Amino acid sequence: LSCTDAKGRTIKVVPSIHPAAIYHQRVKRGRGQEKANPGKTEKHCRADWARIAAEAQFPEVAVPTPRVVRIEEPHECDWFEDVLMRLDPATVMTIDIECPTGQIDCVGFAWEPTTTYVVVGRHPAASQANITQRLRLIELACRGPQPKVLQNGQFDVYWLWFKEGIRVANYRYDCMTLAHMLDPIEDFDLATLKSLHLRGSYHKDEAKSPEKIKHYASQFEALLGYNAMDCSDQIALFSVLRTKLHNVGRW
């Protein structure tokens, strides 16, 4: 994160658990109060300290920001369809949906962390003229031969089918499952996985409260940006987790 001090300087901030929490956790364990994750606090502290040591080498926040390619107008749909048709069938693709209005508002696709393609769905603020074309494009991407990696993908797969009759083909990987194979007692939400394995700005609380959900339901541009960040994180996580699983012989 970053903050601005009294002199107007932007200061890099890495939040962490207070180190004394490690000792408090040990006391709780001795009293039988620790539920399921022995050593979790110490592990997180060590991960934070390693990150702090690395971040202290330079003052800039300089976190990666994905390029968002918005797909909405007919000519944009035609262009993206051509991109999909030329995409290598072996390329791993991530999918993420947003549905704060109760329908498929947008669907993001990415196969590299630097660029996310966000196809606009049925959001009220979007153009209503070519919804059929956009939904057909979403289906084309979802049903393509590329292996798919999602995050808690049962949610996305269900909503795509329940709302639009779109099936996701070759849903082969899930970041939650890969993280579980790496560390079965860790939390598997995207915020935790990003904090442990990636370098970037924290954004996952942005659409979780009722107030924030209302904000993203009404602020369409913000919703598209949020979707793009999720996709960028998911495909980056897949690469990192795959490498780590290879290194420990569990892939």
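The values are calculated or read from the model by the stated rules, or taken from the named source; none is laboratory data. What you are looking at is a predicted structure, and each value in this text was computed from that prediction instead of being measured. With ideal geometry, Cβ positions are generated from the backbone for all residues, glycine too; neighbour counts draw on all protein chains shown. With ligands, DNA and RNA removed, areas are computed over all heavy atoms of the protein, side chains included. Shrake-Rupley method; radii C 1.70, N 1.55, O 1.52, S 1.80 Å.
Which residue pairs have Cβ atoms under 6 Å apart, sit 6 or more places apart or on different chains, and have a first residue in the range 230-247 that is part of a helix (DSSP H, G or I) and a second that is among the hydroxyl-bearing types (Ser, Thr, Tyr) and modelled with pLDDT of 95 or more?
As it stands, the answer is CYS231/THR94; CYS231/THR116; SER232/THR116; GLN234/THR94; ILE235/THR94, since those pairs meet every condition given.
Of all residues in the range 45-66 being part of a helix (DSSP H, G or I) and among the acidic types (Asp, Glu), which is modelled with the highest pLDDT?
GLU55
Which one of the conditions (1) of a type in the set (S, T, N, Q); (2) open to solvent by 50 Å² or more (accessible area, probe 1.4 Å); (3) at pLDDT 90 or above does GLN128 fail to meet, given that it meets all the rest?
Going through (1) of a type in the set (S, T, N, Q); (2) open to solvent by 50 Å² or more (accessible area, probe 1.4 Å); (3) at pLDDT 90 or above one by one, GLN128 breaks only (3).
Of the residues that sit in the range 71-91 and are without any contact (Cβ under 8 Å) to a residue 60 or more places away in the chain and either part of a loop (DSSP other than H, G, I, E, B) or polar (S, T, N, Q) (or both), which one is nearest to LEU135 (Cα to Cα)?
For the range 71-91, the residue satisfying everything is GLU73.
Name, by its number, the condition in (1) modelled with pLDDT under 95; (2) part of a loop (DSSP other than H, G, I, E, B) that does not hold for PRO145.
Unmet for PRO145, out of (1) modelled with pLDDT under 95; (2) part of a loop (DSSP other than H, G, I, E, B): (1).
Could you say which residue among TYR173, TYR202, TYR158 is assigned to a strand (DSSP E or B) and not β-branched (Val, Ile, Thr)?
Answer to the selection: TYR173.
When only residues in the range 209-241 that are at pLDDT below 95 and aromatic (Phe, Trp, Tyr) count, which is nearest to THR94 (Cα to Cα)?
TYR226
What's the number of the condition TYR171 fails, among (1) closer than 22 Å to PRO100 by Cα; (2) within 18 Å of the chain's Cα centre (by Cα)?
(1)
Does LEU178 satisfy the condition of being crowded, with 21+ Cβ neighbours inside 10 Å and either touching a residue at least 24 places away in the same chain (Cβ under 8 Å) or of a type in the set (Gly, Ala, Ser) (or both)?
So LEU178 passes the test.
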